[in-house]
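Input: a single structure, listed below in structure tokens.
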Amino acid sequence: MRLYFLAILLVMGSGVPGLFLRRRGGDVAAALMGLGAVLGLTAAIRVLAGGPVATLVLPAAPLATAGLLTLDPIAACFAIPVFLLSACAASYGISYWDDHQENARTLRLVLGLLAGSLAFLVVSTHALPFLLGWEGMALSAFVLVMTEDRLPEARRAGWIYLVCTHTGTLALFGAFAILYSASGHWVLSGLPRGFAATSQGTMLFVLCLFGFGLKAGVMPLHLWLPSTHAAAPSHVSAMMSGVMIKMGILGLVRLLSWIPDPPFWWGAVLMGLGALSGILGVAFALGQHDLKRLLAYHSIENIGIILLGLGLGTLGKSTGHPVLQVLGFAGALLHVLNHSLFKGLLFLAAGSVVHAVGTRNLERMGGLGRRMPWTSAAFLTGSWAISGLPPLNGFVSEWFIYLGAFRALGFFRWPWSLVVLTALALIGALAMACFAKAYGAVFLGSPRTEAAGTAHESPRSMLVPMGILAAVCAIIGLAPMLVAPALDRAVATLGESAGGPQLSLLVNLPGLTILALLMVGVAWLLWRWLKPVEQGGTLPTWDCGYAASNPRMQYTASSFADGLVAGLDWVLWPRSLGGKVAGNFPVDRPFESHVPDPVLDRLADPVFRTLSLGASLLRFLQSGQLHIYLLYVLLTLLALLLWMVA
């Protein structure tokens, strides 16, 4: 535990030396962050490899209880992406947000505070340090989102996030109060059998689902997530999407580990929310023109996949089927790591594109594959992984959940497993379509603007982190047996499946490796077959008889996804303005289309605007005169007195 605690201190203080350095502040911060990450990863991997669970108890009277800070297999599963993404983000930020930016020192300092808060949070097993880490994470992320506070978009996203995160924190206060009333202490530990079926247990689940679900971005509690991820600097977005929203999943996982006998409906609710988040998340991603906003909606999609696995494992725990527990929980925990890897990779690649082109608009990109080959390869790798295709890591975790759902077909009368199978199939198909659109609009075709035509590859400090994340995605996809023992230990901590079937007995892991190697071989053969054609010379694209083609004639991101968006208009409710042409020689007509968020834009924003308008009607009560306010107090006291007498 001392090694892990030292890692927290190094990570949290990584940005402090840069406050006093005029130059090389980013290099020093990245070096300290990297050193802390190595120590933290060493401690976490040691626990997952079978080492003893480490516990730290601080000598303070109200807190001197076992399990104040505990590095167990569950904490280790979440600590690995925290340290890995933190080190990659710090290195990436050297060039992406260099010392020429006026707030570069502040950003590096707060990025270290965010990483340290996350690392502290995952090992907190007492209410007080858990809430301290939670609040440190919330405030650090708020400052990072407001990095470009001169932009109205960043200010709006920051305040929406702050309101949402503290609303969730209020729910956690209530949940921890229920835990205290049930156990008599503030240690976050197991609860007795039968508690989950009581009214207190139901309220605990509802409060945790709201508080942690709001942080994770579960639909319909996702209203803060798309705008926040889009407005933050790209390496901050990678941290928020890859790691920070997983703290909501950590809270739900801890809750399920406390409950020995969760009711059947808990798993059904988790699966229903997972299907809703996964399908709608990818559907709304299809209609986005903002590259980072598109990736943000895919974070909601992957949170849905994780919830599908958690729900399946919870059903297995409720009904006493250890096979479902192992496959469901293992798939969910592995997807936590996998999503951190490929979503961090995608956000870093997107930041490289934005850094080169100066815009997030997909319609103003194109043709960047030749100008930015390494960034193109990184984005393609992340796109392949997030679509759940072999031979990369996204396929492995989704395959575990698929197998669990197929096994569940013979266990339950109700078709809960069909919910998982149908949702995963739809999510995978829509994700492939969405990333075909994104990759094609950004890297293929011809440049649509002058900035895209003059773009250049990013520096090495930005490319190396992308290469590391892409390599880990490939390693897990090619050799899933490397992570199977660690998942077995984490699942044994989460469920009551200790001594139950191991993952290697339920899944043909060598078969997955053979399939992955076959995919690599086929890809290599195709490349060798197509390479001579490419070397034969450059030929013009067939242009249907047009003598002078130009970039405006190629497919845009909007036109590529138009058919799918139109087919889902009953859910997406897309809006379009202008674009109608008439006559034999029509003049230019402006056209604009977008897909509003169903909760923030269509529900929350109109409601709060109405409340604000209503409150403005009472502005006359604010006279600014003290004696008038004292009169209000007197009238209120008299009203209360009359009410008590009556």
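The values are calculated or read from the model by the stated rules, or taken from the named source; none is laboratory data. Predicted model, so just to flag it, every value in this text is computed and none were measured. Every residue, glycine as well, gets a Cβ built from its backbone with ideal geometry; the counts of neighbours run over all protein chains shown.
Brief remarks on what is shown
- Inspection of the stretch 598-607 finds no residue satisfying the criterion of being in contact with a helix residue (DSSP H, G or I) (Cβ under 7 Å, 6 or more places away or on another chain), surrounded by 14 or more Cβ atoms within 10 Å (Cβ to Cβ), not polar (S, T, N, Q) and not in a strand (DSSP E or B).
- Qualifying position, being part of a helix (DSSP H, G or I), more than 30 Å from the chain's Cα centre (by Cα), modelled with pLDDT of 85 or more and over 30 Å from H235 (Cβ atoms), among L530, L518, L526, L512: L518
- When A431 is tested against (1) more than 29 Å from V323 (Cα to Cα); (2) among the small types (G, A, S); (3) within 22 Å of the chain's Cα centre (by Cα), exactly one condition is not met: (1).
- Test: residue in the stretch 419-437 that is part of a helix (DSSP H, G or I), surrounded by 24 or more Cβ atoms within 10 Å (Cβ to Cβ) and among the hydroxyl-bearing types (S, T, Y): no
- Test for L128: is it at pLDDT below 90 and either more than 16 Å from the chain's Cα centre (by Cα) or surrounded by 22 or more Cβ atoms within 10 Å (Cβ to Cβ) (or both): yes
- Evaluated against (1) farther than 29 Å from I80 by Cβ; (2) at pLDDT 90 or above, G251 falls short on exactly one condition, (1).
- Any hit, the stretch 357-374, residues being more than 27 Å from S95 (Cβ to Cβ) and of a type in the set (S, T, N, Q): no
- Residue within the stretch 609-626 that is closer than 25 Å to A561 by Cα, loosely packed, with under 10 Cβ neighbours inside 10 Å and not hydroxyl-bearing (S, T, Y) present: no
- The set of residues in the stretch 248-295 being under 21 Å from A330 (Cα atoms) and not in a helix (DSSP H, G or I) consists of I259, P260, D261, P262, P263.
- Candidate set: the stretch 193-241, residues that are in a loop (DSSP other than H, G, I, E, B) and hydrophobic (A, V, I, L, M, F, W, C); chosen: the one nearest to S91 (Cα to Cα): A232
- Scan the stretch 197-217 for residues that are in contact (Cβ under 8 Å) with a residue 40 or more places away in the chain, over 29 Å from R108 (Cα atoms) and of a type in the set (A, V, I, L, M) and the total you get is 3.
- Candidates S593, S549 - the one that is surrounded by 13 or more Cβ atoms within 10 Å (Cβ to Cβ) and in contact with a Ser or Thr (Cβ under 6 Å, 6 or more places away or on another chain): S593
- The residues of the stretch 78-123 that are in a helix (DSSP H, G or I), under 16 Å from F20 (Cα atoms) and not hydrophobic (A, V, I, L, M, F, W, C), listed by number, are R105, T106, R108, G112.
- Cβ-Cβ under 9 Å pairs, at least 6 apart or on other chains, the stretch 294-318 side without any contact (Cβ under 8 Å) to a residue 24 or more places away in the chain, far side outside any helix (DSSP H, G or I) and small (G, A, S): none
- Scanning the stretch 450-489 for residues that are surrounded by 18 or more Cβ atoms within 10 Å (Cβ to Cβ) and not in a helix (DSSP H, G or I) yields A455, S458, V483.
- Identification of helices (runs of 4 or more DSSP H) wholly contained in the stretch 320-398 with 2 or more residues that are farther than 14 Å from L487 by Cβ and free of Cβ contacts under 8 Å to residues at least 60 places away in the same chain yields 373-386.
- Test set (1) closer than 15 Å to G13 by Cα; (2) not polar (S, T, N, Q); (3) not in a helix (DSSP H, G or I) - R150 fails condition number: (1)
- The residue that is modelled with the highest pLDDT, among those in the stretch 174-195 that are farther than 18 Å from G211 by Cβ and hydrophobic (A, V, I, L, M, F, W, C), is F195.
- Members of the stretch 552-567 that are modelled with pLDDT under 80 and surrounded by 15 or more Cβ atoms within 10 Å (Cβ to Cβ): Q554, Y555, T556, A557, S558, F560, A561, D562
- Within the span defined as the stretch 14-33, every residue fails to be of a type outside the set (V, I, T), closer than 22 Å to F78 by Cβ and surrounded by fewer than 19 Cβ atoms within 10 Å (Cβ to Cβ).
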